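Student: Let me give you the structure first, and then I'll get to my questions.
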Amino acid sequence: PPPPAGGGGGGGGAAGLNSLETFLPSLPLLKSLKNKYKLALVTGRPRKPDCETALKAFGLEGLFEAVVCMEDATIKPDPAPVQLALKKLMCKTGVMFGDTVDDARAAVGAGIKAVGVVPPKHDKAADTQVLTAAGASVVLSIGMSELSVLLGEG
């Protein structure tokens, strides 16, 4: 998610956990998406220090019009944080990219399309089966390069 969009270590701001994170989309892809779409980040992590530290570390500050953290709404798989992100974006629909079952379930519960993303060092076949069973319409590889191709970006 991962930040919701990336997995890696637990929450709670423990030293070193942010260093284990891998952000799932490439930064150029994310910047390209921002030029065309409203973007939000929905995470089960606390805003301070985890989310703010990760946004800064990955050079993502200012890319998201809405950031929903664990203190803002009930955590995923409850759809509440996704619904709050949609409200902040003033959108009725959207697409949520995530690497966990909870991400897919939260998206489906909020009435939007769930797209799974395989995190680093995971088996795509196994993750695809798990994420589609949780409601993901499609599952993309790390870096989400398939999305670049679909959008004519690469």
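The values are calculated or read from the model by the stated rules, or taken from the named source; none is laboratory data. Computed from a predicted structure; not experimentally measured. Positions of Cβ are generated from backbone atoms using ideal geometry, with glycine treated the same way; all protein chains shown enter the neighbour counts. Side chains are part of the model used for accessible areas, which takes the heavy atoms of the whole protein and leaves out ligands, DNA and RNA. Shrake-Rupley method; radii C 1.70, N 1.55, O 1.52, S 1.80 Å.
Student: Order SER32, SER137 by their accessible area, 1.4 angstrom probe, all chains in place, largest first.
Tutor: So the residues, ranked largest to smallest area, are SER137, SER32.
Student: Which distance in Å, rounded to a whole number, links the C-alpha centroids of region 78-108 and region 109-154?
Tutor: Distance between centres, Cα-based: 15 Å.
Student: Mind grabbing the base-10 log of I(q)/I(0) for region 30-122 at q = 0.14 Å⁻¹? Debye formula, identical points on the C-alpha positions, no solvent, two decimal places.
Tutor: Treating every Cα as an identical point scatterer, log10 I(q)/I(0) equals -0.48.
Student: Can you sort GLU61, GLU52 by 1.4 Å-probe accessible area, starting with the largest?
Tutor: Ranked from most to least accessible, the order is GLU61, GLU52.
Student: So how do 89-100, 122-133 stack up, highest first, on mean other-Cβ count within 10 Å?
Tutor: Packing order, densest peptide first, comes out as 89-100, 122-133.
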